[in-house]
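Structure first, commentary second.
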Amino acid sequence: MTKYEPLEIYLRNRLGRESEITMSFDRIESIIKSKLPNSAFRHQAWWAHEVNPQPVQKVAWYKAGWKVESYNISRRIVKFVPLK
């Protein structure tokens, strides 16, 4: 199990029931039961959408059927929307 698999499961369970999910970084940390890496708080690329992602965090939400539509590092929030 990867560190981000609990987030994948959380998002997968909401696919088709919600048109978007806005989460705080704290909420994500509570789901994965671990701290996000420093790069999540410093680099927008950590959150940026990729087709065929390689980083494990992006693979988790991509496999669940979601992508990051927007994020605000200073406010520590991220908005997921379903892949189309």
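General remarks:
- Database remark: amide H of residue 67 closer than 5 angstrom to the amide H of 81, 83 (H placed geometrically; neighbours at sequence offset of 5 or more, or on other chains; Pro and chain starts carry no H).
- If you sort 62, 4, 10 by accessible surface, 1.4 Å probe, largest first, the order is 62, 10, 4.
- Remark: the stretch 69-82, residue by residue, has Karplus-estimated 3J(HN,Hα) of 8, 8, 7, 9, 5, 5, 8, 6, 9, 9, 10, 9, 10, x Hz, where x stands for each Gly or Pro and the curve is 6.51 cos²θ - 1.76 cosθ + 1.60 at θ = phi - 60°.
- The radius of gyration of the Cα set in the stretch 40-84, together with its Dmax, comes out at 10.0, 28 angstrom.
- Chain lengthening between residue 18 and residue 83 when straightened (0.36 nm per residue, less Cα-Cα): 22.2 nm
- Computed per residue of the chain from DSSP H runs no shorter than four, each worth -39500 (n - 2.57), the mean residue ellipticity at 222 nm is -9000 deg cm²/dmol.
- Global form of the stretch 7-62, assessed from the alpha-carbon gyration tensor, a/c cut-off 1.5: oblate
- Considering only alpha-carbon pairs that sit under 8 angstrom and 6 or more positions apart, the relative contact order computed for the chain is 39 percent.
- Candidate cross-link partners of residue 63 among the aspartates and glutamates, defined by an alpha-carbon separation under 20 Å and a same-chain spacing of 8 or more, comprise 5, 8, 18, 20, 29, 50.
- Within the accessible surface of the chain, defined with a 1.4 Å probe on protein heavy atoms only, the carbon and sulfur portion equals 47 percent.
The values are calculated or read from the model by the stated rules, or taken from the named source; none is laboratory data. Keep in mind it's a predicted model, so treat the numbers as computed, not measured. Protein only, heavy atoms only, side chains kept; ligands, DNA and RNA dropped before computing areas. Shrake-Rupley method; radii C 1.70, N 1.55, O 1.52, S 1.80 Å.
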